[in-house]
Amino acid sequence: MNSRRIADYVTENRESHYRLAYSYVKNPDDALDVIQESVCKAIHGAHTLKSPEFIKTWFYRIVINTALDLLRKQKKLVLADDEAFETLHAVVDDPMEDYDLHQALERLPGHYRTVVVLRYFEDLPLNDIAEVTGLPLSTVKTRLYKSLKMLRLELESELDSDKKGGNTYGS
């Protein structure tokens, strides 16, 4: 695979790559650094891409690994904020819409959050998620199922506590 094709792919899909990086590092400058380093790694490692049809999963894996490397270097706790959630959604009618969902998502362990982000925010099929994460398809399915169950339980408990506390939205 030549460097020009990689550069074209990265340019055409820069928003989704940025969103993916930002979903990990939660900082605009860090996300840009992750993308820049990922592009360099991709161009230098172009020979490792065996087939052009796998460029998406190949580059997503590079972005995720680069973001995780940055987080390890910084040894920082990733906290969710409103800006992070707005970046994940191109169009936001109500800034509080889905806030509880995103808060619950941020409380998931990283390996569960990764599967949910790739499936529902990046719209990757399960087979591609398996390739990106380097996990067997059955493990991806299990993690997705468990993460959705954890999210549901978390959201139900928040809803129950809001009802008990008399907190109602829209009143």
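Details
- The residue pairs whose first member lies in segment 31-45 and is assigned by TED's automatic domain parsing to the domain that holds R61, whose second member is among the basic types (K, R), and whose beta carbons are closer than 9 Å, counting only pairs six or more residues apart or on different chains, are A31/R19; I35/R14.
- Residues located in segment 15-72, provided they are part of a helix (DSSP H, G or I), aliphatic (A, V, I, L, M) and closer than 19 Å to S3 by Cβ: I35, V39, A42, I43, A46, I55, I62, V63
- Any hit, segment 119-127, residues being surrounded by 18 or more Cβ atoms within 10 Å (Cβ to Cβ), at pLDDT 90 or above and in a helix (DSSP H, G or I): no
- Taken as a whole, the condition of being at pLDDT 90 or above and closer than 18 Å to Y24 by Cα applies to L144.
- Listed by first and then second residue, the pairs with beta-carbon distance under 8 Å, at least 6 apart or on different chains, first residue in segment 1-15 and closer than 16 Å to H47 by Cα, second open to solvent by 70 Å² or more (accessible area, probe 1.4 Å), are M1/H47; Y9/K56.
- Criterion: among the aliphatic types (A, V, I, L, M) and at pLDDT 85 or above - qualifying residue of L77, L70, L101: L70
- Residues in segment 151-161 include at least one that is out of contact with any Leu (no Cβ under 7 Å at 6 or more places or on another chain), at pLDDT 70 or above and small (G, A, S).
The values are calculated or read from the model by the stated rules, or taken from the named source; none is laboratory data. Bear in mind that the values here come from a model prediction, so they are computed numbers and not experimental data. No Cβ is skipped: glycine too gets one built from the backbone with ideal geometry, and neighbour counts run over all protein chains shown. Keep in mind that these areas ignore ligands, DNA and RNA; they rest on the heavy atoms of the full protein, side chains included. Shrake-Rupley method; radii C 1.70, N 1.55, O 1.52, S 1.80 Å.
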